Every structure is written in structure tokens, then in C-alpha cells.
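Only one structure is covered here, and it is reproduced in the block below.
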Amino acid sequence: MYWRKPLDQDKIKVPCGIIHIIEDRCKGCGFCVEFCPQGVLVMSKSTNSKGYHPPEINDSKHCVNCGLCSLLCPDFAIYIEDKGKRTPEKVETKGKAEEQS
Ligand code: SF4
Ligand code: SF4
């Protein structure tokens with residue numbers, strides 16, 4: 001399927017957030033990692049003081065400050081601070097990608 005690139009894509013601003021993880025509150029349930037729509041978080045290999053694996057940030061620049069991770073966390077172990085807005089990265093359309101190959 002072909003998606004037309006919006007003509008004003010470079011001018012659109014998307015929100016971004018600063019992620020704060022309070023590791024010692026985490027019980028390693030993984031909700032924040034599983035449901036982040038941007039795939040920003042991964043489970044850490046290290047353990048906190050309770051012996052659980054807390055999440056860690058995989059790629060902070062993709063956080064869109066939706067707040068879903070902090071909403072879902074049963075232990076209030078993660079919260080997001082507003083970092084303002086940024087322009088989206090350039091997105092290759094499928095048509096262009098096919099032309100290059
Ligand atoms: S605020 Fe949204 S995009 Fe950012 S880490 Fe949390 S769930 Fe992911
Ligand atoms: S949702 Fe909360 S308790 Fe569960 S892994 Fe994420 S930070 Fe830890």
C-alpha cells in the first residue's frame with residue numbers, strides 16, 4: 001500500500017518527553033516496555049535492590065510524551081517530564097525505498 005507523504009511533514013511538531021525511572025520501586029512487570037507505542041523502553045539485565053529487572057531507555061529520542069508508561073505502572077516507578085516539541089525525522093516512503101533497491 002502506498003502512503004502519500006504529507007506536504008507539510010517537515011513543519012509538523014511532535015511532543016517529546018524526558019523519561020525518569022525510579023528503579024528501586026520497580027517490580028519488573030514489564031507493562032511499560034510492552035505497551036510503549038514507540039518501543040522506547042527495554043528490560044534491563046541489571047537488578048534493583050529488590051532483585052527485579054527494571055526497564056531502561058533504549059532510544060529516548062522517540063518518546064512522544066504520551067504518558068502511557070507512567071499511567072500503566074502499578075508502582076509509580078516511571079514518569080515523564082515534558083521536553084517540548086521536535087520535528088519528526090525524515091520518513092522514507094515505500095515508493096522511494098523500492099526505487100533505491
Ligand atoms: S511516554 Fe509514551 S512514548 Fe514515552 S516512554 Fe512512555 S509510553 Fe513510551
Ligand atoms: S510498569 Fe513499573 S513496575 Fe512494571 S516494569 Fe515498568 S517501571 Fe517496573
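None of the figures in this text is laboratory data; all of them are computed from the coordinates on show. What you see is a predicted model, and the numbers here were worked out from it, not measured in a lab. Every residue, glycine as well, gets a Cβ built from its backbone with ideal geometry; the counts of neighbours run over all protein chains shown.
Placing unit charges on each Cβ (+1 for Lys and Arg, -1 for Asp and Glu) gives the chain a dipole about its Cα centre, and among Asn58, Tyr2, Val40 the Cα reaching farthest toward its positive end belongs to Tyr2. In the elastic network of the chain, a GNM with C-alpha springs shorter than 10 Å, the most mobile of Val40, Val64, Val14 is Val14. Once C-alpha pairs closer than 8 Å and six or more residues apart are averaged by separation and normalised to the residue number of the chain, the relative contact order reads 40 percent.
Distance between the 7 Å Cα→Cβ label points at Thr47 and Leu7: 5.9 nm.
Let a ≥ b ≥ c be the square roots of the eigenvalues of the Cα gyration tensor of the stretch 1-89; is it rounded (a/c under 1.5), or, if not, prolate (a/b larger than b/c) or oblate? Prolate is the answer for the stretch 1-89, as a/c is 1.5 or above and a/b outweighs b/c.
Charged side chains reduced to their Cβ positions (Lys and Arg at +1, Asp and Glu at -1) give the chain a dipole of some 220 debye around its Cα centre. When you filter the trypsin sites (Lys or Arg not before Pro) in the stretch 1-64 for DSSP loop state and at most 16 other Cβ atoms inside 10 Å of their Cβ, you are left with Arg4, Lys13, Lys27, Lys45, Lys50.
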